[in-house]
1. How would you order 37-47, 72-82 from highest to lowest mean count of nearby Cβ atoms within 10 Å?
2. Could you compute how fast segment 293-347 diffuses translationally, taking Rh as the Kirkwood radius over C-alpha pairs and applying Stokes-Einstein at 25 °C with viscosity 0.890 mPa s? Give it in µm² per second.
3. Could you work out how far the C-alpha centroid of segment 1-49 sits from that of segment 62-77, in angstrom?
4. Rounded to the nearest 0.05, what FRET efficiency do F90 and Q180 give with R0 = 25 Å and r taken as the Cβ-Cβ distance? Could you check?
5. Select from S173, Q320, G87 the residue farthest towards the positive end of the dipole of the chain; place +1 on Cβ of Lys and Arg, -1 on Cβ of Asp and Glu, and compute about the Cα centre.
6. By a straight-distance test (C-alpha under 12 Å), which aspartates and glutamates pair with K11 as possible cross-link partners, with residues fewer than eight away in the same chain excluded?
7. Sort 100-106, 20-26 by the packing proxy (mean of other Cβ within 10 Å over each peptide's residues), most packed first.
8. Which whole number in µm²/s is D for the chain by Stokes-Einstein, with the Kirkwood Rh taken over Cα pairs at 37 °C and 0.692 mPa s?
Amino acid sequence: MALLSVQNLTKRFHVDHPAAVDGVSFDVQPGEILVLLGPSGCGKTTVLRMIAGFEHADRGSVRFDGQTLTQAGDTPKHVRPEHRNIGFVFQDYALFPHMSVIRNVMYGLHGKRSDRRVRALQALDLVGMTDYAERRPHELSGGQQQRVALARSLGPSPRLILLDEPFSNLDASLRENTRQEMRKLLHEQDMAAILVTHDQEEALSFADRIAVMSAGRIEQVGAPRDVYEQPTSAFAATLLGRVNLLQVNANGCEADSILGRLRLDREVHGPITVAIRPEHILLSDPSEANGVHGTVVSQDYKGHDLTYRIQVDEQIVTVQSDCRTTYPEEASVALRVVADAVVLPAK
């Protein structure tokens with residue numbers, strides 16, 4: 001049985017405007033990490049706030065741990081946020097600046113002060129912040145503040161925690177390390193989580209499942225590898241990273257294209273759009289290989305790899321390559337697709 005079940009959740013802030021959230025439905029299993037991925041304004045944070053109880057739904061329901069928390073309709077129900085037993089980590093951490101770290105974590109816990117302190121110290125120990133218990137938030141780094149915010153949410157021992165872009169204020173290296181530590185902690189505690197982000201790398205590395213959102217709706221849900229390698233729309237394909245979208249004429253499981261004869265991931269006939277990831281195209285010296293030829297327009301060096309923009313006929317093709325061989329601008333190269341092209345459904 002799902003720990004959380006969201007059904008047909010809908011929210012409209014203005015009568016004359018499109019719905020911010022439009023019929024969103026999904027489940028979260030115990031101990032599962034679900035990532036809501038989408039651009040700014042797609043409604044993902046509004047979904048999170050309705051699950052937490054900070055926003056009222058116009059339609060739909062939220063059931064958590066066997067209880068209905070939100071029910072919109074003729075017999076509405078709305079459980080207040082403090083009674084939902086769901087943790088929430090805000091984007092700006094929302095720590096009280098006049099309180100020490102341990103008092104921040106104790107805030108919101110119930111019971112005797114001595115018991116609350118013990119539980120707060122246990123939560124701080126989980127995130128490695130026990131030695132900073134008496135410091136104030138301004139005496140901590142961004143990553144340390146983020147850990148305190150997480151400890152405060154862990155204090156009441158919720159079975160579900162909601163994370164609203166909690167890594168966005170951290171620098172790149174700290175963001176990656178903190179993300180890995182949090183994911184490990186959530187799985188060790190068998191705690192379910194929903195993370196909201198617009199960062200595709202963050203979504204792919206953090207999620208057990210990804211829900212791709214666009215204009216208030218969910219376009220695709222699946223495991224990170226499935227969503228990346230088998231997108232169901234051009235929007236989902238581009239949101240998860242660089243991709244080449246080609247218009248081709250299919251004949252069964254093959255199609256002719258500017259990149260030569262392509263194998264398709266399923267049988268189809270007629271004009272279609274296919275998606276090819278840049279890392280699925282190999283470059284080589286045209287004098288050493290057959291295939292389609294193109295001209296290097298630019299290269300983006302990133303240390304561990306290179307991203308090329310290649311002119312092929314009238315189209316620019318993006319290619320991801322390692323750094324063992326480099327091609328300068330205006331060099332002639334041969335291109336070869338080494339994976340099946342993904343057929344995108346027609347609109």
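1. 37-47, 72-82
2. For the chosen part, D equals 198 µm²/s.
3. 15 Å
4. Efficiency, rounded to the nearest 0.05: 0.75.
5. With unit charges placed on the Cβ atoms, the residue in question is G87.
6. D22, E55, D58
7. Listed from highest to lowest mean packing, they are 100-106, 20-26.
8. Reported coefficient: 145 µm²/s.
Only the coordinates and a few stated rules stand behind these numbers; no lab work does. Remember, predicted model here, so these are calculated numbers, not experimental data. Note that each Cβ is placed from the backbone with ideal geometry, even for glycine, and that neighbours are counted across all protein chains shown.
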